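The structure appears right after this line, and notes come after that.
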Amino acid sequence: MTADQAHVKVRDSSGIQIVEFTDRKILEELSIHEIGEELSRIISETDDLKMLLSFKNVDHLSSAALGMLINLNKQVAAKKGKLKLSDISPPIFEVFKITRLNKLFNIHATMADALADFS
C-alpha cells in the first residue's frame, strides 16, 4: 500500500509504515501542520504501529517541525507503538543533539539499520 501526500510518501513494508519526506525544507507552518495531520491519521488507523521516518531528502527542519515530531512521538507512545528516525543529515542531527531530542528519539544512520532494529 502506498499513499502519496504533498509532503510525504508513505508505504507499508512488512507491517512497518515507512514515511519519506518529499520536501527538502520542512519550515512552513502549513506544511508542518499537513504532515502532522497525515502522520496522526496513520497512527490512529494502524494497529501494532511501527513507523519509520526517513529524513534522507531533508536539508532543513524548523523548530515547529521538531515540535510536530515530539507530538507524533507522544501519539505513538500512547498506542504503545514504535517510532524510529533515519537518514538525518549531520547539520540536522546537531540540532537534535543540542535540543537533546537524540535522547528522546530512536535514531539510526540508515533506513536499513532502522528496519533491522524493528525485528
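The values are calculated or read from the model by the stated rules, or taken from the named source; none is laboratory data. Keep in mind the model is a prediction, meaning the values are calculated, not measured. Heads up, the Cβs are rebuilt from the backbone with ideal geometry, glycines too, and the neighbour counts pull from every protein chain shown. Surface accessibility is based on the protein's heavy atoms, side chains included, excluding ligands, DNA and RNA. Shrake-Rupley method; radii C 1.70, N 1.55, O 1.52, S 1.80 Å.
Contact map, the stretch 97-118: first residue within 19 Å of N57 (Cβ to Cβ) and outside any loop (DSSP other than H, G, I, E, B), second residue polar (S, T, N, Q) and open to solvent by less than 40 Å² (accessible area, probe 1.4 Å), Cβ cut-off under 7 Å, separation 6 or more or different chains; pairs are H108/S86; M111/S54; M111/S86; D113/S86; A114/S86. Looking only at residues of the stretch 105-114 that are more than 17 Å from F21 (Cβ to Cβ) and surrounded by 13 or more Cβ atoms within 10 Å (Cβ to Cβ), we find that the one that is farthest from the chain's Cα centre (by Cα) is D113.
Condition check for L66 on (1) farther than 25 Å from T110 by Cβ; (2) open to solvent by less than 30 Å² (accessible area, probe 1.4 Å): one failure, at (1). Scanning the stretch 14-37 for residues that are without any contact (Cβ under 8 Å) to a residue 60 or more places away in the chain, under 20 Å from L52 (Cβ atoms) and aliphatic (A, V, I, L, M) turns up V19, I26, I32, I35.
If you filter the stretch 74-88 down to residues that are open to solvent by 30 Å² or more (accessible area, probe 1.4 Å) and not basic (K, R), you find that the one that is farthest from E45 (Cα to Cα) is D87.
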